[in-house]
Amino acid sequence: SVGGGILAAATTLTLQVPDELVPTMLGKGGSIMKDIEDRSGARVRVSQKGDFVPGSTNRLVTISASTHHEAHAAYLMVAHKIGV
């Protein structure tokens, strides 16, 4: 098989999301974030509660995907959810 089953993120995007918008992005029990991951094929991770970007109350969202298209799709869905 090509690639030998090795999974590596080819594309990583990071964005800052205001802390008060994180619940909107996550959904109840993480349901919205899981849907974004399922639909885009990307992995979306959010910094821990209280772990802010220095000098702000923004949380860091990291999107990792095997292709630029997957990462971009997840980015667009996250942006839509937080109203950007």
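The values are calculated or read from the model by the stated rules, or taken from the named source; none is laboratory data. Since the structure is predicted, the reported quantities are computational estimates derived from the model, not experimental observations. Every residue, glycine as well, gets a Cβ built from its backbone with ideal geometry; the counts of neighbours run over all protein chains shown. Please note that ligands, DNA and RNA were not included when accessible areas were found on the heavy atoms of the full protein model with its side chains. Shrake-Rupley method; radii C 1.70, N 1.55, O 1.52, S 1.80 Å.
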*Could you give the dipole magnitude of the chain about its Cα centre, charging the beta-carbon of Lys and Arg +1 and that of Asp and Glu -1, in debye to the nearest 20?*
100 debye
*What distance in nm separates the simple spin-label points at residue 80 and residue 16, each placed 7 Å from Cα in the Cβ direction?*
2.6 nm
*asked:* Eigenvalues of the Cα gyration tensor times 5, then square-rooted: what semi-axes does that give for the chain, in whole angstrom, largest first?
replied: 24, 14, 11
*Using 7 Å Cα-to-Cβ label points, what is the residue 45/residue 28 separation (nm, one decimal)?*
2.8 nm
*Using a cut-off of 12 Å between beta-carbons, work out the net charge of the residues near residue 30 (Lys and Arg +1, Asp and Glu -1, residue 30 not included).*
0
*If r is the Cβ-Cβ distance from residue 66 to residue 35 and R0 is 22 Å, what FRET efficiency results, to the nearest 0.05?*
0.70
*Can you check what the net charge comes to around residue 76, using other residues whose Cβ is under 12 Å from the Cβ of residue 76 (Lys, Arg +1; Asp, Glu -1)?*
+1
*With a 1.4 Å probe and every protein chain kept in, tell me what percent of the accessible surface of the chain is carbon plus sulfur.*
56 percent
*What residue among 17, 61, 53 has the largest mean-square fluctuation in a Gaussian network model of the chain, using Cα springs under 10 Å?*
53
*Roughly what angle does helix 31-40 make with the longest principal axis of the chain, taking Cα atoms, 0 to 90 degrees, to the nearest 10?*
30 degrees
*How big is the convex hull of the Cα atoms of segment 40-84, per residue, in Å³?*
83 Å³
_Whole-number accessible area per residue in Å² for the chain, which is evaluated in the context of all protein chains at 1.4 Å_ = 65 Å²
